[in-house]
Amino acid sequence: ETGVTQSPTHLIKTRGQQVTLRCSSQSGHNTVSWYQQALGQGPQFIFQYYREEENGRGNFPPRFSGLQFPNYSSELNVNALELDDSALYLCASSLETAKYEQYFGPGTRLTVT
Amino acid sequence: RKEVEQDPGPFNVPEGATVAFNCTYSNSASQSFFWYRQDCRKEPKLLMSVYSSGNEDGRFTAQLNRASQYISLLIRDSKLSDSATYLCVVSAPSGNTPLVFGKGTRLSVIA
């Protein structure tokens, strides 16, 4: 077990709604990255948080936003949901000094109808 | 050209077989390379890092060819439990994206 937890496990939303996904990082890890994995694709980097600030962002629109809290846990918020947002959302934690060694949580499967 | 390219497979092999996957990457400045394993409907898990000199972990051997910008993973004596998707992962030295994942190669080991 990596110690990274995510909630909820599954979620169904309708187009136009907003969603918040949550992640608790592995103990001692101060960096959290979020990925979107569509069916049949590899994970796509959304953004990374370190010291409660966004520390890098992939090619995702502003309606994808996030937060990191003092205990290093994190949230991913998606506004104005679109059908193409249906995917597995993965959170990964790491140390800033070893940011490539990422440990993934089990993911949240989001379905947008 | 995609940043990280892999043959999606599936590779269907009998137990005990040796199977090899290749992956190519486009950014010659990439410095770190990994293979992750992802079981169906589960999260990716780090299988092994890939070093310039090549490295081995039990039945798994990873190789890196910087000149040709490709990475390989060799699995010897395949087990049923090796059935999974294998993701090739490359660091992205420019910009703020820490890791770039390939789409994965699917392996099915058959009894």
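Odds and ends about this structure:
- DSSP finds beta bridges in chain A, and of those with both partners inside it, around 90 percent are antiparallel.
- Probe 1.4 Å, protein heavy atoms only - accessible area per residue of the protein assembly as shown in square angstrom: 48 Å²
- Taken residue by residue and averaged, Cβ atoms of other chains lying within 10 Å of the Cβ of A:99-108 number 5.
- Dividing the C-alpha radius of gyration of region B:1-85 by 2.2 N^0.38 Å, with N its residue count, gives 1.10.
- Chain A, relative contact order in percent, only Cα pairs under 8 angstrom and at least six apart counted: 37 percent
- Inter-chain shielding of A:45-55 (mean C-beta neighbours from other protein chains, 10 Å cut-off): 2
- P(r) of the protein assembly as shown over all Cα-Cα pairs, binned every 5 Å from zero, in whole percent: 1, 7, 15, 18, 19, 16, 12, 7, 4, 1, 0
- Value of Rg/Rh across region A:51-112 [Cα atoms, Kirkwood radius]: 0.97
- DSSP assigns beta bridges within chain B; of those with both partners inside it, close to 90 percent run antiparallel.
- Accessible surface buried upon B-A contact (total; probe 1.4 Å; Å², nearest 100): 1600 Å²
- Among the residues of B:23-35, the average count of other protein chain beta-carbon atoms within 10 Å of the residue beta-carbon is 1.
- For the peptides A:39-45, B:103-109, A:11-17, residues were scored by their other Cβ atoms within 10 Å and the scores averaged per peptide; the highest-first order is B:103-109, A:39-45, A:11-17.
- Total formal charge among the other residues, if their Cβ is under 12 angstrom from that of B:Gly58, Lys/Arg +1 and Asp/Glu -1: -1
- For region A:87-92, the Karplus equation 6.51 cos²θ - 1.76 cosθ + 1.60, evaluated at θ = phi - 60°, returns couplings of 5, 8, 9, 10, 10, 9 Hz by residue, with Gly and Pro reported as x.
The values are calculated or read from the model by the stated rules, or taken from the named source; none is laboratory data. No experiment lies behind these values; they were computed from the predicted model shown. Every residue, glycine as well, gets a Cβ built from its backbone with ideal geometry; the counts of neighbours run over all protein chains shown. Heavy atoms of the whole protein, side chains included, go into the accessibility calculation; ligands, DNA and RNA do not. Shrake-Rupley method; radii C 1.70, N 1.55, O 1.52, S 1.80 Å.
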